[in-house]
1. Which shape class, rounded, prolate or oblate, goes with region 405-559 when its Cα gyration tensor gives a ≥ b ≥ c as root eigenvalues, a/c under 1.5 marks rounded, and past that a/b bigger than b/c marks prolate?
2. Taking region 240-329, how much of its Cα-Cα pair set, in percent, is spaced more than 21 angstrom apart?
3. Taking 7 Å along the Cα-to-C-beta vector as the label spot, tell me the ASP405-LEU64 distance in nanometres, rounded to one decimal.
4. Which values, in whole Å and largest first, are the semi-axes of the equivalent ellipsoid of region 396-448 obtained as the square root of 5 times each eigenvalue of the Cα gyration tensor?
5. Helix-only mean residue ellipticity at 222 nm, the chain, DSSP H runs n ≥ 4 weighted -39,500 (n - 2.57), per residue, nearest 500. What is it?
6. Can you figure out the FRET efficiency of GLU547 with ARG237, using R₀ = 45 Å and their beta-carbon distance, to the nearest 0.05?
7. Over region 43-201, what is the mean sequence separation of C-alpha contacts under 8 Å (at least six apart), divided by residue count, expressed as relative contact order in percent?
8. At 0.36 nm per residue, and after removing the present C-alpha to C-alpha distance, how many nm does the segment from GLU296 to LEU495 gain when stretched out fully?
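Any read-out appearing in this document is the output of simple, stated calculations on the displayed coordinates, not a laboratory observation. All values derive from a computational prediction rather than experimental measurement. Ideal geometry is used to build each Cβ from the backbone, glycine not excepted, and the neighbour counts take in all protein chains shown.
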Amino acid sequence: MAVSGDELDDAARLARESVVVGRAVTLARWIGTGRRPVTAGQVLRKADVPAAGAAVGVDVPPRLRTMADIRALHRPWCVAVATGLLQVGGGWVSGGPTLERWPPRDADLLAAWLTALRAVCASESYPQDEDSVRLLAMALLAVLGEDGQHRTGDLWGPVHAVLPDLCDRYDKSPWEPLHAADRYLDLETGTPLAGLVELLAEFGAVAGDQGKPLITPLGRWATARLAAGLPGLADPRLSASEMIAEVARFGDEEQRDHVARGWLAERRPAEAAREILAAAEGMSPLLRSVAVGVVEDLGEDALPAWQELTAAPRVGPHARAVLAAWDQGPEPTEADWDWLAVEAAAAALQDKGPDEALSRVWESMPGTDLDTCLAEVRATGHPDAAELSQEVAGFAASGAPRSIDQVAELKVSLSGFRPPIWRRVRLPVVATLGDLHDVIQVLFGWDGDHLHVFQAGKKLYSDPFVSLEGTADDNAVRVRDVLTPGGEIGYTYDLGACWEHQIALEQTVTRDPDQDYPVCVAYKGDSPVEYWCEDDPEEPEPFDLAEVNRKLAARGEAEE
């Protein structure tokens, strides 16, 4: 949807004058140069909510569960945090870096406004998909922008008609946006999407009353940009290098697969594999790892391309490993595995920084001290080995906290039991959620024969080999990346019986070199019988701390 120069000026003015941005600025100035405590949900405590409401002119009910329940206050809070007007961390909120410089110039203002709208949409989406309200808003703006006139009559029908194609384009289920629409039903009038029109009106994207909404220049400007960051199909006209760069913008494997699908659909699998791997030879380790992942997903059809590139200097080690996995070649040598370990660490350096690169080197390279590990890195002959070694050594010498030296103390509580049943366990912060799953099995004596799911915020993780829909690989995310001090994640074991656990990070301590990890340091209550039968009841076995720690220590030794 094209926007003229005058309309761009109007869009910036509307963003600056929008209700929600005005309230966000007022809220940030109310907090000012001081600071106030926040809850585990990263919002103001209930005691501070009435004063915050008064500051921005929002009525606060005498009884409330959390500030997040008051949309007129939570929306400007999300805007302020997303745009840097406020900064939240360490249990406190204070004025952010953009407060003193507000308002910014028009281009920066519009960028901040768009970031804020996405943040509010994410906060009001269902946990299963944080893009559900954004997709609903995109559909509504598309409908309102069809003729640019006041829209009268039913909005739900046209929006409902637009949603399926929109969701297909970005590999989303239409059910989450449809469910999200229920939140915006006006219960008094029965008008669908009335709350969504109100949301977009607060942002200045829609004008007029709810019965005759009109898209504004700001709404037209947003229509062309709200989709940024969603995994759209890659244009088949792109070169292989351009397609891989597009795919690499997304960290989720399912999203990467969807983006690549648009490009792959116009090519035969073997030809596509050749194009991608030829391009990957000259790429950085991070982009090459993405390219390799795309080709691996082509399965057996890509084997000819892998076979042709076994001698390639940079793709060759990947090719030899893939062919061995398909029983189409010999097992890679130790030199190959070390080269691939350096490749993964170099990719991690580009993607997440030196701490993650150090963790990869420590986990995968031979040696009992960092100097020896880094010497092994350099000995691989990998083209990025010298830079990787230098960056990791510099980080290690900087005095910055190293994840490999830190241990998380977690309290794992079994939900729904009185008296409570819980275990306190210490394990390295670099442990994955897959590792934590194994630890919990030992802590509670589960037999491991059932599926499990972690929920961290709005994301779900599980065993990648069972391919549960909507879940990411729990072996690909570390404990330190999903748990913050005072924060919690959920864990459900046996999706039929639903043994639900809450996992809280109580503290992070320095690793004791004389202590085996993981280790259970405290507990309360015996574990329930997993397969309890009313006709043949069993008593829970008494919790044996020494035996549990023997099993945990054996597991830790097996990983080293």
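1. Numbers: a/c = 1.60, a/b = 1.15, b/c = 1.39.
Here region 405-559 falls in the oblate category.
2. Values: 888 of 4005 pairs.
Result: 22 percent of Cα pairs exceed 21 Å.
3. 4.3 nm
4. Details: eigenvalues 167, 35, 9 Å².
So the equivalent ellipsoid measures 29, 13, 7 Å along its semi-axes.
5. On the way: 23 runs with 258 residues, N = 560.
So the calculated ellipticity at 222 nm is -14000 deg cm²/dmol.
6. On the way: r = 62 Å, r/R0 = 1.38.
With R0 = 45 Å, the Cβ-Cβ based efficiency is 0.10.
7. Numbers: 150 pairs, mean separation 20.7, N = 159.
That works out to 13 percent.
8. Length gained between GLU296 and LEU495: 68.6 nm.
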